[in-house]
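Visitor: Here's a structure for you.
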Amino acid sequence: MEEQKKNKYSIIIPTYNERLNIALVIYLVFKHLSDVDFEIIVVDDGSPDGTQDIVKQLQKVYGEDHIVSSSLLHPVVARTAYIHGLKHASGNFVVIMDADLSHHPKYLPRFIKKQMETGANIVTGTRYVTGGGVHGWNLMRKLTSRGANVLAQTLLWPGVSDLTGSFRLYQKSALEDIISCCVSKGYVFQMEMIVRASRKGYRIEEVPITFVDRVFGSSKLGGSEIVEYLKGLLYLLVTT
């Protein structure tokens with residue numbers, strides 16, 4: 001418990017048109033991390049729906065020391081958003097999570113506990129072990145995601161059951177090191193992050209999570225992302 005009090009967790013949440021979700025996500029983070037030193041860094045991609053206005057109102061409620069609002073001038077890809085968020089992160093650990101409620105903040109204490117128990121450099125949420133799962137996807141999307149992970153595990157042997165999930169806790173120094181080596185964009189980026197972490201010898205632990213399809217808004221995954229995933233898989237097979 002004493003060690004937990006010494007740590008600070010910077011929670012980076014990239015957003016685009018998340019006006020209907022962001023307030024609830026932030027409320028739930030505060031609810032589940034009541035005894036933890038943390039900050040929330042919202043990296044917004046110039047959302048036209050007023051997401052930034054909601055975040056500014058939340059800063060007045062929770063304090064600017066707890067909620068940092070940052071916007072990008074160019075379209076966000078995950079890598080850009082993470083790098084931008086890292087510039088504002090004052091914690092020694094960084095959590096990456098989505099704003100669409102697919103990553104429930106109730107899992108954050110479990111991530112922190114797992115890291116403290118194991119000394120892991122990375123703790124990643126997984127849908128594909130006992131206790132994990134997916135809610136709200138049709139059969140085709142479940143098969144696509146599971147197939148993508150099985151294919152990557154077979155070819156790359158990363159030692160992780162869920163390569164394409166993005167709900168993760170990183171030691172800040174490890175994240176900075178790993179992200180500097182990554183070149184991928186889109187759907188394949190999360191896979192490259194975890195594969196390169198494994199190749200570099202970082203300790204990775206997993207926590208079962210249930211991924212819930214977004215409550216409000218539309219999914220960004222489409223055919224082009226799947227094609228990019230396959231290209232990225234081939235790239236990693238050759239370069240790692």
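The values are calculated or read from the model by the stated rules, or taken from the named source; none is laboratory data. Not measured: the values here are computed from a predicted model. When the accessible area is computed, the model is the full protein with side chains, heavy atoms only, and any ligands, DNA or RNA have been set aside. Shrake-Rupley method; radii C 1.70, N 1.55, O 1.52, S 1.80 Å.
Visitor: Can you tell me which residues in region 111-135 are of a type in the set (S, T, N, Q) and open to solvent by 50 Å² or more (accessible area, probe 1.4 Å)? It would help to see each step written out before you state the result.
Guide: Let us first name the residues in region 111-135 that are of a type in the set (S, T, N, Q), namely 115, 118, 121, 124, 126, 130.
Answer for region 111-135, where residues must be of a type in the set (S, T, N, Q) and open to solvent by 50 Å² or more (accessible area, probe 1.4 Å): just Thr130.
Visitor: If you go through region 116-174 one residue at a time, how many are of a type outside the set (A, V, I, L, M, F, W, C), under 27 Å from Ser90 (Cα atoms) and either at pLDDT 90 or above or assigned to a strand (DSSP E or B) (or both)? Outline the logic, then answer.
Guide: In the first step, residues of region 116-174 are kept if they are of a type outside the set (A, V, I, L, M, F, W, C); the result is 117-119, 121, 124-128, 130-133, 135-136, 138, 141-142, 144-147, 149, 153-154, 158-159, 161-162, 164-166, 168, 170-173.
Retained after the next criterion (residues that are under 27 Å from Ser90 (Cα atoms)): 117-119, 121, 124-126, 164-166, 168, 170-173.
From what's left, either at pLDDT 90 or above or assigned to a strand (DSSP E or B) (or both): 117-119, 121, 124-126, 166, 168, 170-173.
Summing the residues that are of a type outside the set (A, V, I, L, M, F, W, C), under 27 Å from Ser90 (Cα atoms) and either at pLDDT 90 or above or assigned to a strand (DSSP E or B) (or both) in region 116-174 gives 13.
Visitor: Taking region 183-220 as the region of interest, how many residues are open to solvent by less than 30 Å² (accessible area, probe 1.4 Å), modelled with pLDDT under 90 and assigned to a loop (DSSP other than H, G, I, E, B)?
Guide: Adding up the residues that qualify gives 1.
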